[in-house]
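These notes are about the structure you will find just below.
The values are calculated or read from the model by the stated rules, or taken from the named source; none is laboratory data. What you see is a predicted model; the values in this text were computed from it and never measured. A quick note on method: Cβ atoms are made from the backbone with ideal geometry, for glycine too, and the neighbour counts reach across all protein chains shown.
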Amino acid sequence: MNSFWHNLPRPFFVLAPMEAVTDVVFRHVVSQAARPDVYFTEFTNATGWFRAGDKAIGGRLIKTDDENPIVAQLWGSDPEAMAALSQHCATLGYDGIDINMGCPDQSAIKGGGGAGMIRTPDVAHQMIAAAKTSGLPVSVKTRLGYTYVDEWQDWLRGLLEQDIAVLTVHLRTKKEMSKVPAHFELIPNIIKLRDEVAPQTLIVINGDVRDRAHGQEFAEKYGVDGVMIGRGVFTNPYAFSANAMPTRESLLSLLHTHLDYYDTYAHRTGRPFETLKRFFKIYVRDFECASELRDTLMHCNSTDEVRVALGALKI
Ligand SMILES: Cc1cc2nc3c(=O)[nH]c(=O)nc-3n(C[C@H](O)[C@H](O)[C@H](O)COP(=O)(O)O)c2cc1C
């Protein structure tokens, strides 16, 4: 199946799905700083939606037409629910479906979802088939294995045999969480496996990639098709640009942008003002009195109070 994935530049750069981070607001902030080639939503539980409808998922699937291409990341372990939500995402205008098979949180694993899928490959394969009923290209984001790094060979081979559009590999096991460095050394073996089993499937690597320049190195060295960046945007929200670290002025200006987008979408996402506070440290840091300012911002109760505090800043 030919899809948008095949019309992207090489390497292409993807904004990682991050729960309670990459909602419609923060995706717009990242876009304003430097656009990725592909956006992912934070993950959405298919079973919850299937049982209780939109109220079970809050504003997770809200998107706007200028965020494209955009992939809805879904998770769960019930193929019927996966099929239903994938089809719903197609009607919402999503460009692709990604299935999360790597989340290490107990809340996902206990029902067999997230990284729990690694232990039930047959169900994982059924979930892929279910998502394909949407008619959208289906990708999978996973880890090397559950407990041991060596699991990658059978686990990834099985996924590649399902004819998926893209396989994103977070280069760690579930057990390793994010506590050890990503296993970049395995990239050539993973590419070799892909070439053997499913040459049409694109390989995206993920884990510890700082920014575009860093990702470009892996693409040149190993020939990966794409690079996914998550936490890199916390260190540098301009991670998808080719430029060096941003200035204090540009970061503070981006914070204003974040406040504005929050105000635009808060009534739809339903996310309280408090949830904005986790982002302040991205923008307010590394200058004299930054920690005092952050402290002041953490005591604010509205976006307008934040704007007033920023306005009082003597630079
Ligand atoms: C706050 C946070 C939330 C995350 N939520 C998700 C998620 O919803 N779906 C997912 O597949 N991965 C999620 N991840 C994992 C990231 O997508 C990514 O795989 C991981 O952070 C490693 O990449 P990085 O080093 O570029 O951040 C999350 C990570 C963080 C830090």
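The set of residues in segment 57-68 that are closer than 16 Å to Cys103 by Cβ and surrounded by fewer than 21 Cβ atoms within 10 Å (Cβ to Cβ) contains only Ile57.
Every listed requirement among (1) in a helix (DSSP H, G or I); (2) away from the ligand (no atom under 14 Å from the Cβ); (3) in contact (Cβ under 8 Å) with a residue 24 or more places away in the chain is met by Ala115 save one, (2). Determine, yes or no, whether Asp66 is at pLDDT 95 or above and closer than 22 Å to Lys110 by Cα. In short, no. Regarding Ile97, is this residue away from the ligand (no atom under 12 Å from the Cβ), part of a strand (DSSP E or B), touching a residue at least 40 places away in the same chain (Cβ under 8 Å) and in the same structural domain as Val71 (by TED's automatic domain parsing)? Judged against the criteria, Ile97 is a match. Leu85 meets the conditions (1) away from the ligand (no atom under 16 Å from the Cβ); (2) in contact with a Ser or Thr (Cβ under 9 Å, 6 or more places away or on another chain); (3) more than 30 Å from Ile282 (Cβ to Cβ) in every case but one. The failed one is (1). If we scan segment 69-82, do we find a residue that is within 15 Å of Phe50 (Cα to Cα) and surrounded by fewer than 17 Cβ atoms within 10 Å (Cβ to Cβ)? Scanning segment 69-82 turns up at least one residue that is within 15 Å of Phe50 (Cα to Cα) and surrounded by fewer than 17 Cβ atoms within 10 Å (Cβ to Cβ). Against the condition assigned to a helix (DSSP H, G or I) and at pLDDT 95 or above, how does Ala72 come out, does it pass? No: the conditions fail for Ala72.
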